[in-house]
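Written below as structure tokens is the structure these notes are about.
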Amino acid sequence: MSEPPDSERATRIGERRLPAVRPAQAVDASSVARVFVDCWKEGYHGVMPTAYAASLSYEDQADAWRRMICMPGNATLVGTSQAGDVIAFLCGGPERSARSQYFAEIYGLYVLPEFRGCELGRRLLVQFCTRLLAIGLCTLTVRVVEANPIRGFYESMGAIEHDNSPVRIAGRSLNEVAYGWRDIRPLCRGDTTGNPT
Ligand SMILES: CC(C)(COP(=O)(O)OP(=O)(O)OC[C@H]1O[C@@H](n2cnc3c(N)ncnc32)[C@H](O)[C@@H]1OP(=O)(O)O)[C@@H](O)C(=O)NCCC(=O)NCCS
């Protein structure tokens, strides 16, 4: 996806200073990896096999996320603290199964626990969708492990469950649920009431 002209700067709403959101660059890969690994280690007890979280390393993940950030067609946005540290990210790009009625996919959305609840998740999602609209895409999907409470976030953003399928992760059989927006334009306007699949 091409770079948008409007990277969002830190903004003030009332007296509250919100974290900035900007496009990621390759040099952000280590910071993105740190957010990813820390979120997994913190929040996946009971959701994913512990062996999987235990096997994640910052170094391996930095290489993986550098490739994701640099992959043509992908878009990665990061949320940064006032000190400029990466505290959240969203990475997405073309829908990967090629069997779906959705054109774009979120590959990962993570906000560090101590920065949750200040609309960073919503802002990353809306900015990603704004980028999709700018290149003419208006459908979006995301796959999550069934037991992951992030499902509630996507539902509150108007996504509708449209598929589920088995997946094997770290030797364990799990179920993966797919959510989708058939039209992301309402979400970009702040309407999260959802739309039919
Ligand atoms: C889910 C997540 C991204 C939300 O980020 P956040 O910055 O705390 O969310 P926001 O502050 O933008 O919340 C926006 C709205 O969603 C709601 N919301 C957030 N998380 C929710 C959840 N788990 N269930 C239900 N609603 C949720 C908020 O209450 C808020 O509602 P409001 O509009 O009525 O105020 C964050 O909790 C996270 O990173 N979770 C772990 C990530 C993960 O597991 N990723 C793997 C799959 S990609």
**OP:** Among the candidates 121, 108, single out the residue that is at pLDDT 95 or above, in a strand (DSSP E or B), under 14 Å from the mean Cα position of the chain (by Cα) and not charged (D, E, K, R).
**Re:** 108
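Return a yes/no flag: does segment 138-152 have any residue that is of a type outside the set (Gly, Ala, Ser), open to solvent by 30 Å² or more (accessible area, probe 1.4 Å) and either touching a Phe, Trp or Tyr at 6+ places or on another chain (Cβ under 6 Å) or within 22 Å of residue 28 (Cα to Cα) (or both).
Filtering segment 138-152 down to residues of a type outside the set (Gly, Ala, Ser) leaves 138-146, 148-151.
Now narrow it down to the ones that are open to solvent by 30 Å² or more (accessible area, probe 1.4 Å): 138, 143, 146, 149-151.
Those still in the list that are either touching a Phe, Trp or Tyr at 6+ places or on another chain (Cβ under 6 Å) or within 22 Å of residue 28 (Cα to Cα) (or both) too: none.
No, segment 138-152 has no match at all.
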Subject >> Hits in segment 65-98 - residues which are among the hydroxyl-bearing types (Ser, Thr, Tyr) and surrounded by 14 or more Cβ atoms within 10 Å (Cβ to Cβ) >> reply: 76, 80, 81
**OP:** For segment 38-54, name all the residues that are buried (at least 17 other Cβ atoms within 10 Å of the Cβ) and basic (Lys, Arg).
**Re:** none
Original post:
Any residue in segment 31-38 that is under 16 Å from residue 120 (Cβ atoms), outside any helix (DSSP H, G or I) and either of a type outside the set (D, E, K, R) or at pLDDT 90 or above (or both)?
Top reply: no
**OP:** Please specify each residue of segment 100-135 satisfying the condition of being open to solvent by 40 Å² or more (accessible area, probe 1.4 Å) and hydrophobic (A, V, I, L, M, F, W, C).
**Re:** 103, 115, 133, 134, 135
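Could you tell me how many of the residues in segment 124-151 are part of a helix (DSSP H, G or I) and more than 13 Å from the ligand (Cβ to nearest atom)?
Looking only at that region, the number is 6.
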Subject >> Test: residue in segment 62-80 that is away from the ligand (no atom under 13 Å from the Cβ), touching a residue at least 40 places away in the same chain (Cβ under 8 Å) and part of a loop (DSSP other than H, G, I, E, B) >> reply: yes
Original post:
In segment 164-197, how many are in contact with a Ser or Thr (Cβ under 8 Å, 6 or more places away or on another chain) and of a type in the set (Asp, Glu)?
Top reply: 2
Original post:
Looking at segment 152-181, which of its residues are more than 14 Å from the ligand (Cβ to nearest atom) and assigned to a loop (DSSP other than H, G, I, E, B)?
Top reply: 170, 171
Original post:
Considering only residues of segment 44-58 that are within 15 Å of the ligand (Cβ to nearest atom) and of a type in the set (Ser, Thr, Tyr), which is farthest from residue 167 (Cα to Cα)?
Top reply: 44
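The values are calculated or read from the model by the stated rules, or taken from the named source; none is laboratory data. Quantities reported herein were computed from a predicted structural model and do not represent experimental measurements. Don't worry about glycine lacking a Cβ; one is built from the backbone with ideal geometry, like all the others, and counts go over all protein chains shown. The area values use the complete protein model at the heavy-atom level, side chains included, leaving out ligands, DNA and RNA. Shrake-Rupley method; radii C 1.70, N 1.55, O 1.52, S 1.80 Å.
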